Amino acid sequence: MVKAIVWENGKVIMLDQSKLPFEVTFVECTDYMRVAEGIKKLWIRGAPAIGIAAAMGIALGAQDIKAKNFDEFMKALEPVFNEMLNTRPTAVNIKWAVERVTGFLIKRKDESVDRLKKLLIEEAKRILEEDIEVNKAIGKWGADFIKDGDTILTHCNAGALATGGYGTATAPMLVAKEQGKRIQVIADETRPVLQGARLTAWELMQEGIPVTLITDNTAGAVMKRGEIDLVIVGTDRTVRNGDVANKIGTYTLAVLCKEHKIPFYVAAPVSSIDFSISSGEDIPIEERGPEEVTHIYGRGGNVRIAPEGVKVKNISFDVTPHKYVTAIITEKGAFRPGDLKKLMKNNINLEKIRLKPQLL
Ligand code: MRU
């Protein structure tokens, strides 16, 4: 299975997703600024993958720090944390990674600085490995909602490329296939950056899952024709009330699902749930440069498709209100959006609040 990012011989190696599917090239990062550049320029993208990249970037940045004690070490790490936090605002996974690494270090404040540097590398690698396990668990819970013969629509790329491996939205598809269910996927091309066309279609073809590519504005028509059984998307940040931020166009799909009585599922690792925010209104939404809209990818690079000087609005993410979400599928099980906040409690009996396909 394709790997978006690895730590190898003291370097962070990322697959340059901005060149896929035409070129499979890798970027070697030997300093944290290069990792941050990779996140900003979408060489690596997808919420869990950029969280992993941030953790690896921090581990890389730590190696160059000269500090005599823990306090000096933490002070010197601050610009590294900030560099990562200032790359992309919507995915909560970067903040999650910074908080996880900070907590990890504080618990080990009596260790030597040299030892902490080594431990940070181990922790970053562990974050990647854990992400793969989390995705497999999402796959197990999510596959219960997929029947033999189903057609699943997905948006953007929430596959292996967007994570440590296995993907979030793609995990239930992979498990369903392993279970012998005959499924097919309809992939929205996902303008402006075409993650669906360039990445999801490419990935699913490699996995042997039949995939059909559509333009984003075809989704409503195929739903109306009765050709879609369910929708599964990923998320960049889901909040306490179950509102979901994901790639622009997700909200449109969710509203269409309601109209056509199609279940709308969100695959969300707990690391993508921001329990500190109560409503989707408060999620910071990334806006990107106009060239993603005025130009389109072509084999020869970017091709202009709009007049010079035209005004552009390029909002990268939208928020789907929880009333449109059938279930949020996490590694702990699938839950109604209204039950998500219960995951904050330690002593909750998950079995009591898990959504089962027979309850739909
Ligand atoms: O701009 P991107 O490509 O980083 O956006 C990615 C998405 O919106 C994904 O659907 C989301 O991060 C979930 S990935 C498991």
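Tabulated data for the structure shown
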{"read-out": "Residue check for LYS136: open to solvent by 20 Å² or more (accessible area, probe 1.4 Å) and either within 15 Å of the ligand (Cβ to nearest atom) or among the hydrophobic types (A, V, I, L, M, F, W, C) (or both)", "value": "yes"}
{"read-out": "Enumerated strands (runs of 3 or more DSSP E) restricted to region 267-360, each holding at least 2 residues that are modelled with pLDDT of 95 or more, touching a helix residue (DSSP H, G or I) at 6+ places or on another chain (Cβ under 8 Å) and outside the structural domain of SER18 (by TED's automatic domain parsing)", "value": "317-320, 327-330, 333-335"}
{"read-out": "Members of region 258-293 that are more than 16 Å from the ligand (Cβ to nearest atom) and in contact with a Lys or Arg (Cβ under 6 Å, 6 or more places away or on another chain)", "value": "PHE275, SER278"}
{"read-out": "MET33 being at pLDDT 95 or above, more than 21 Å from the chain's Cα centre (by Cα) and part of a helix (DSSP H, G or I)", "value": "yes"}
{"read-out": "2 or more residues aliphatic (A, V, I, L, M): qualifying strands (runs of 3 or more DSSP E) within region 212-258", "value": "230-233, 244-247"}
{"read-out": "Test: residue in region 149-171 that is of a type outside the set (Val, Ile, Thr) and surrounded by fewer than 20 Cβ atoms within 10 Å (Cβ to Cβ)", "value": "yes"}
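Conditions (1) within 16 Å of the ligand (Cβ to nearest atom); (2) assigned to a strand (DSSP E or B); (3) open to solvent by 60 Å² or more (accessible area, probe 1.4 Å); (4) within 25 Å of GLU286 (Cα to Cα), marked per residue:
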{"residue": "LEU42", "(1), (2), (3), (4)": "yes, no, no, yes"}
{"residue": "ALA49", "(1), (2), (3), (4)": "yes, no, no, yes"}
{"residue": "ILE52", "(1), (2), (3), (4)": "yes, no, no, yes"}
{"residue": "ILE58", "(1), (2), (3), (4)": "no, no, no, yes"}
{"residue": "ALA67", "(1), (2), (3), (4)": "no, no, no, no"}
{"residue": "MET74", "(1), (2), (3), (4)": "no, no, no, no"}
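The values are calculated or read from the model by the stated rules, or taken from the named source; none is laboratory data. Small disclaimer: the values here were computed from a predicted structure and weren't measured. For neighbour counting, all protein chains shown are included, and Cβ atoms are generated from backbone atoms with ideal geometry for every residue, glycine included. All accessible areas refer to the heavy atoms of the entire protein, side chains included, with ligands and DNA or RNA removed. Shrake-Rupley method; radii C 1.70, N 1.55, O 1.52, S 1.80 Å.
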